[in-house]
Amino acid sequence: MEFFFETLGLTESAKLLSLSPPGWGGNLLRGLANSLQIAFGAFGFGLLIGLFGAYGKLYGGVVLRDLLAVYTTVIRAVPELVLILILYYVGTDLINQLSQAMGYGRVEISGVVAGIWVLGVVQGAYATEVLRGAIQAIPPGQIEAARAYGMPPLMLMRRVTIPAMMSFATPGLANLWLIATKDTALLAIVGFSELTLETRQAAASTRAYFTFFLAAGALYLIVTLCSGVVFARIEKWARRGQPSLKGAGR
Amino acid sequence: MIPFRALMQPHRIVMLALLLGAVVWCAVALRWDWIPEYAPLAMEGLWRTIWILVVTCVLGFLLAIPLGLAQAVGPWYLSAPARVFCTVIRGTPLLLQIWLLYYGLGSLFPQIPWIRGSELWPYLRQAWPYAVLALTLSYAGYEGEVMRGAFSSVNKGQLEAANAFGMPRFTMFRRIWLPQAIRNVLPTLGGETILQLKATPLVATITVVELYAVSSRVRSDTFIVYEPLILLAVFYMIIAGIIALMFRRFENRVPG
């Protein structure tokens, strides 16, 4: 191993990236863990918003439908960075005012919660559109049949709508997950110590910019490629029993 | 666009009235006295945002054509690097790419004497070349993937017909293959261009003063938080709307 690094002239980089304190590898991995934690939370929160949003857009009243249209349009037209700042300030302000009204002092809001809230609201707009499209792609007869049997709405959602839409929604959701992992980098700008910010700090204090940014890029790439494999499996599972589309349309 | 009749439903009238009320409340209750002072800077920032957007989209698209072509029909020694490039660009955050180029190259260049002595050095000391480079590469990476699909989805018969007429390969590409590929992906291109607009504020982190940087400066100078951000969001929505309208006009002009 030593010899390998030496022949490539990478001894210096290997030392900088080592996991124990003189190296900064531990910091990078901690940053990655933070990033993934927020990405998971935001993706889940976004899915929840998306599910309700899609139901609201498809079956809601006129007012709800228009409000949701405004929500998805505005969120998708404004840069994530601006949204993150607005939502971050609004969120912290609201919570502080609430806690002061209830007689507590100012509250310190943890970076993870703020990050999940901010990215989740952004993800929710995209998820709404993905899930709405997926629900619309279900043959309407299936939902009608369930209704005709008198299935209550929640059971209908659990037994018919969600399983049937999974195969249509998975590609879009895979994309959203990738966006979520990459958008966590934006939280570096509000000072949350996720992978990108940790990398920048490490790079700035050792002046080895290429080493650290390339290492962080490799970490992100590993996450992306692994999620690609996982989502391919999920899609295969969601499509079970459906005829293969390979060779169709030629 | 929404037709006028559709806006005149009772609930929409109420919602528009509420929106108008909110706008009036914002205009009256919030602080806008900083606007005259920062207006020239904001105009400069707006202009910079727009030209960065236009330049990076055009350059990125020109780069995306060979990338897409290499992936769609190229031999393996061209298609493999193109695929790796697209995967790497699409798999890492843009912010990281911008910082890698700016801090990495920016710390590497001063150590190389002939770069310091060259004509380009005054430009390389500024931040915007790195911003333009990073955004161009990013757009090229995403668009290369889109163009790959576009090139391989053009009807084979059309290319065979051109071949049968004895059309030179480049003429065939220019007259038949490329126009049809672009026509097929125009809606996607519109969406990607709006995504590119939403990526431009990231260059503010490497000291390029564009629209977003101006709002940050207002915030740090005057401690006014919400007003500049709200105005900024409105500006971006207007630009995104204009881009969407432009692409819709393009699509309508192109015969389906």
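The values are calculated or read from the model by the stated rules, or taken from the named source; none is laboratory data. Predicted model only: the values in this text are computed from it and were never measured. Backbone-built Cβ (ideal geometry, glycine too); neighbour counts: all protein chains shown.
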Can you tell me which residue among B:Leu137, B:Leu159, B:Leu133 is modelled with pLDDT under 90 and either in contact with a Lys or Arg (Cβ under 6 Å, 6 or more places away or on another chain) or over 19 Å from B:Pro187 (Cα atoms) (or both)? B:Leu159
Any idea which of A:Val113, A:Val74 is at the interface with chain B (Cβ under 10 Å from one of its Cβ atoms) and either part of a helix (DSSP H, G or I) or closer than 16 Å to A:Tyr126 by Cβ (or both)? A:Val74
Might you check whether a residue that is within 12 Å of chain A (Cβ to nearest Cβ), assigned to a helix (DSSP H, G or I), modelled with pLDDT under 90 and closer than 24 Å to B:Phe61 by Cα occurs anywhere in the stretch B:215-232? no
List, please: which pairs have Cβ atoms under 6 Å, are six or more places apart or on different chains, and start with a residue in the stretch B:2-24 that is within 12 Å of chain A (Cβ to nearest Cβ) and end with one that is assigned to a helix (DSSP H, G or I) and surrounded by 10 or more Cβ atoms within 10 Å (Cβ to Cβ)? B:His11/A:Val62; B:His11/A:Val63
Determine whether the stretch B:150-162 contains at least one residue that is assigned to a helix (DSSP H, G or I) and within 20 Å of the chain's Cα centre (by Cα). yes
Would a scan of the stretch B:114-126 turn up a residue that is more than 25 Å from the chain's Cα centre (by Cα) and surrounded by 15 or more Cβ atoms within 10 Å (Cβ to Cβ)? no
Check A:Leu131 against each of (1) within 14 Å of chain B (Cβ to nearest Cβ); (2) under 23 Å from the mean Cα position of the chain (by Cα); (3) not polar (S, T, N, Q) and name the one condition it does not meet. (1)
Residues of the stretch A:77-110 satisfying the condition of being more than 12 Å from chain B (Cβ to nearest Cβ), within 20 Å of the chain's Cα centre (by Cα) and either crowded, with 16+ Cβ neighbours inside 10 Å or of a type in the set (A, V, I, L, M) (or both): A:Gly91
Would you pick out the residues in the stretch A:222-249 that are facing chain B (nearest Cβ under 10 Å) and either over 19 Å from the mean Cα position of the chain (by Cα) or buried (at least 16 other Cβ atoms within 10 Å of the Cβ) (or both)? A:Val223, A:Thr224, A:Ser227
Condition broken by B:Phe250, with the remaining ones in (1) more than 15 Å from B:Cys57 (Cα to Cα); (2) within 9 Å of chain A (Cβ to nearest Cβ) satisfied: (2)
Taking the stretch A:127-145 and keeping residues surrounded by fewer than 21 Cβ atoms within 10 Å (Cβ to Cβ) and in a helix (DSSP H, G or I) leaves A:Glu129, A:Gly133, A:Gln136, A:Ala137, A:Pro140, A:Gly141, A:Gln142, A:Ile143, A:Glu144, A:Ala145
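Here is a yes/no grid of residues against (1) at pLDDT 90 or above; (2) more than 27 Å from A:Thr199 (Cα to Cα); (3) surrounded by 14 or more Cβ atoms within 10 Å (Cβ to Cβ):
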position	(1), (2), (3)
A:Glu2	no, no, no
A:Leu8	no, no, no
A:Glu12	no, no, no
A:Pro21	no, no, no
A:Gly25	no, no, yes
A:Gln37	yes, no, yes
A:Gly41	yes, no, yes
A:Val63	no, yes, no
Can you pull out every residue in the stretch A:146-176 that is under 14 Å from A:Arg240 (Cα atoms) and outside any helix (DSSP H, G or I)? none
Among (1) surrounded by fewer than 18 Cβ atoms within 10 Å (Cβ to Cβ); (2) within 12 Å of chain A (Cβ to nearest Cβ); (3) not hydroxyl-bearing (Ser, Thr, Tyr), where does B:Phe235 come up short? (1)
Any idea which of B:Phe151, B:Phe173, B:Phe165 is aromatic (Phe, Trp, Tyr) and surrounded by fewer than 17 Cβ atoms within 10 Å (Cβ to Cβ)? B:Phe165
In the stretch B:66-101, how many residues are within 14 Å of chain A (Cβ to nearest Cβ), without any contact (Cβ under 8 Å) to a residue 12 or more places away in the chain and surrounded by fewer than 22 Cβ atoms within 10 Å (Cβ to Cβ)? 3
Name every residue in the stretch B:238-249 that is within 15 Å of B:Glu192 (Cα to Cα) and not basic (Lys, Arg), in order of residue number. B:Ile239, B:Ala240, B:Gly241, B:Ile242, B:Ile243, B:Ala244, B:Leu245, B:Met246, B:Phe247
